[in-house]
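Each value in this text was obtained by applying a stated rule to the coordinates, not by laboratory testing. The structure presented is a predicted model; accordingly, all values stated were derived computationally and were not measured. Cβ: placed from backbone, ideal geometry, glycine included. Neighbour counts: every protein chain shown.
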Amino acid sequence: LNQPFVAKGNVATAGGCLASQYLAAWVIARLQGVEAARSAMHYVAPVGEKDEYVERALRNIGPFV
């Protein structure tokens with residue numbers, strides 16, 4: 001698949017340099033909710049890119065949460 005993140009049930013996969021961030025955000029969103037994932041991603045996002053970084057991550061994991 002030509003996608004950065006895919007999940008089905010409890011199994012997820014991601015590729016590329018943001019794979020671990022997408023997987024972490026997906027796990028947090030499933031266990032604690034999307035707002036918790038948003039907060040965690042914002043905390044680790046690069047300075048000056050926080051909003052864009054968070055929105056990109058949530059846009060990619062959103063359909064699978």
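Structure data summary
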| read-out | value |
| --- | --- |
| Qualifying GluC sites (Glu not before Pro) for the chain [loop in DSSP, other Cβ within 10 Å: at most 14] | Glu49 |
| Alpha-carbon spread of the chain, three principal axes, descending order, Å | 32, 26, 16 |
